[in-house]
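What follows is a short report on a single structure.
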Amino acid sequence: MNIQFEHRSSALQPEASAQQNARDLPGAHAPADAPFRALLDAASQPYRKAGRFAYKFARGKLRVDPVYRAILELGLLQRQQRILDLGCGQALLAAWLVAAARCYERAIWPRGWPPPSQGQSVRGIELMPSDVARAHRALGPACGVIQADIRSAAFGAADAVVILDVLHYLDAHSQRDVLERVRAALPPGGLLLLRVGNPAGGLRFRITAYSDKLAMFFRGHGFVATHCRSIEEWRELLTECAFDSEATPMSRGTPFANVLLTAHAR
């Protein structure tokens, strides 16, 4: 896998109905099988070179966060060769996809999961220099993570764009602008995986929002204002930016209230 880092129209449903009808992804279930543990080991091991924090964070995040398992178990990026990860942090998604390809080649793979793609190219853009440095130390000189602001960085062309837990840190105008530029970077049918918090989640959403603010503070951003939307409002914005989308709960096994929006470019 080449790693370079620089996350039919459907009618809009009312938010409550969308949540009720959304599929509960298999990726939300915590695994305990040996192939998954081997995958986790392979993805987190490179971060030992970046220090104790980087390794512990990578291992904990990849083990607990249901979105990483879902990406592989459901083959969400199976047919996309050029992937752009916006707000990529220390490049966990790329490490995950590289580890998946290598484990599959060694015939160490969870039963029933589709084969991962081979030869994917993953680019990432990250604002925090410390995260970029950890990505470089962990993944080596072939890692092309760049330090830049997604509000102004060039996106280039991609088959899929991944944005996990990032856009709510931007104001409403910047959210729209980023999504419009993501659409311009994708071909018709191109994929956007966008995870956002669900304000209808009650206490779980409040825990999500508090955890986000705390994480940003300890990463050196201070206390950052967030700009959240309802799931219906996110889907309306995606429609206005020429995407068709569906919403799926993506927080099983955690105390959070997150939803994965899977969107295809028109």
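Annotation: of all residues in the range 238-266 being buried (at least 19 other Cβ atoms within 10 Å of the Cβ), at pLDDT 95 or above and of a type in the set (A, V, I, L, M), the one that is farthest from Arg195 (Cα to Cα) is Ala265.
Yes or no, residue by residue, for (1) in contact with a Cys (Cβ under 9 Å, 6 or more places away or on another chain); (2) among the charged types (D, E, K, R); (3) assigned to a strand (DSSP E or B):
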{"residue": "Asp149", "(1), (2), (3)": "no, yes, no"}
{"residue": "Ala153", "(1), (2), (3)": "no, no, no"}
{"residue": "Ala158", "(1), (2), (3)": "no, no, no"}
{"residue": "Ile163", "(1), (2), (3)": "no, no, yes"}
{"residue": "Arg176", "(1), (2), (3)": "yes, yes, no"}
{"residue": "Leu179", "(1), (2), (3)": "yes, no, no"}
{"residue": "Val182", "(1), (2), (3)": "yes, no, no"}
{"residue": "Pro188", "(1), (2), (3)": "no, no, no"}
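Of the residues making up the range 119-163, those that are among the small types (Gly, Ala, Ser) and under 23 Å from Cys103 (Cα atoms) are Gly119, Ser121, Gly124, Ala135, Ala138, Gly140, Ala142, Gly144, Ala160. Contact map, the range 121-145: residues that are closer than 19 Å to Ala185 by Cα paired with residues that are assigned to a helix (DSSP H, G or I) and among the β-branched types (Val, Ile, Thr), Cβ distance under 7 Å, separation 6+ or inter-chain. Pairs shown: Glu126/Val132; Val145/Val132.
Among residues of the range 225-236 that are basic (Lys, Arg), those with a beta-carbon under 7 Å from a residue that is not in a helix (DSSP H, G or I) at least six positions away or on a different chain give the pairs Arg235/Leu12; Arg235/Ser245; Arg235/Ala247; Arg235/Leu261. Scanning the range 80-92 for residues that are more than 20 Å from His264 (Cα to Cα) and of a type in the set (A, V, I, L, M) turns up Ala91, Leu92. Within the range 166-177, not a single residue is over 16 Å from Ala265 (Cα atoms), touching a helix residue (DSSP H, G or I) at 6+ places or on another chain (Cβ under 6 Å), of a type outside the set (D, E, K, R) and at pLDDT below 95. Counted as qualifying within the range 29-122 are the helices (runs of 4 or more DSSP H) with 2 or more residues that are among the basic types (Lys, Arg) and modelled with pLDDT of 95 or more, namely 52-64.
Selection of the range 74-98 for residues being of a type in the set (Gly, Ala, Ser) and crowded, with 24+ Cβ neighbours inside 10 Å yields Gly89, Ala91, Ala94, Ala95.
Whether any residue in the range 124-140 is part of a helix (DSSP H, G or I), acidic (Asp, Glu) and on the phi < 0 side of the Ramachandran plot is what I want to check. Yes: one or more hits. State which residue pairs qualify: first residue under 19 Å from Ala153 (Cα atoms) and inside the range 178-201, second residue at pLDDT below 95 and of a type in the set (Lys, Arg) in any location, beta carbons under 8 Å apart, and separation of 6 or more residues or different chains. Note: no pairs meet the criteria.
The values are calculated or read from the model by the stated rules, or taken from the named source; none is laboratory data. As the structure is a prediction and not an experimental result, all values here were calculated from the model. So basically every Cβ, Gly included, is an ideal-geometry build from the backbone, and we count neighbours across all protein chains shown.
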